[in-house]
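K.L.:
Mind having a look at this structure? Questions to follow.
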């Protein structure tokens, strides 16, 4: 989406919001100016930074664990045969049901929050990595091997370019999932984070503060998505034309 279209979309949404707030005239739907004032008060940034830390670390942990394992399963059928039953069994299970176990293992702090977000996000990335590497054209690999290429050369010039778009697509989907789970895990045993700030403002009937925290959480998700989108474009330039 171009910058002009993005700004136009934001302007239209803010205009609709403003008009609806003027029409309803109720405290539970404050004006955009009141929400902006609540955001600029200063206290929200502490929660934004804490939530950013939790979700970025969670995505990093998920990538470091899921991508290598997925590529290994895709390129090594014997490894896939061993691990595939566990993946098939666990993939459809809503991972949030493991929250009590995660809390018992890692406590109530940031570690348990990072662990449950990473667990939930890692499965789609693992499956995408495995499936993408499984369907790499074997003729490309044979061609490089005939030219004397080693394992690292094959990975860098064939496997990685073929699988990276699929991995980044799974990561984009995972960002939305991680933000949703972040809200849930920040609703207990913490007094920091945007999820806690939303519920705290809601309980105090501070509707501008509530909407401000919601906007900040949405901005966090959009910002992370745009970062991955830029990484995707850079990766495609690095890979060259198909």
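K.L.:
Which one is farthest from the chain's Cα centre (by Cα), of the residues in the range 201-220 that are assigned to a helix (DSSP H, G or I) and surrounded by fewer than 17 Cβ atoms within 10 Å (Cβ to Cβ)?
P.N.:
203
K.L.:
Name every residue in the range 84-105 that is part of a helix (DSSP H, G or I) and surrounded by fewer than 16 Cβ atoms within 10 Å (Cβ to Cβ), in order of residue number.
P.N.:
84, 85, 86, 88, 89, 90, 96, 97, 100, 101, 104, 105
K.L.:
Does the range 60-80 contain at least one residue that is under 28 Å from residue 210 (Cα atoms), buried (at least 21 other Cβ atoms within 10 Å of the Cβ) and either touching a residue at least 24 places away in the same chain (Cβ under 8 Å) or in contact with a strand residue (DSSP E or B) (Cβ under 8 Å, 6 or more places away or on another chain) (or both)?
P.N.:
no
K.L.:
Looking at the range 159-180 only, could you name the residues that are over 18 Å from residue 230 (Cα atoms) and within 12 Å of the chain's Cα centre (by Cα)?
P.N.:
177, 178, 179, 180, listed by residue number.
K.L.:
Considering the range 181-192 alone, what residues qualify as being modelled with pLDDT of 85 or more and surrounded by fewer than 16 Cβ atoms within 10 Å (Cβ to Cβ)?
P.N.:
Selection gives 184, 187.
K.L.:
Quick one: residue 108 ticks every box in (1) touching a residue at least 40 places away in the same chain (Cβ under 8 Å); (2) more than 20 Å from residue 163 (Cα to Cα); (3) assigned to a helix (DSSP H, G or I) bar one, so which box is it?
P.N.:
(3)
The values are calculated or read from the model by the stated rules, or taken from the named source; none is laboratory data. Remember, it's a predicted structure, so these values are computed and weren't measured experimentally. Because the Cβ atoms are built from the backbone with ideal geometry, glycine has one as well, and the counts that use them run over all protein chains shown.
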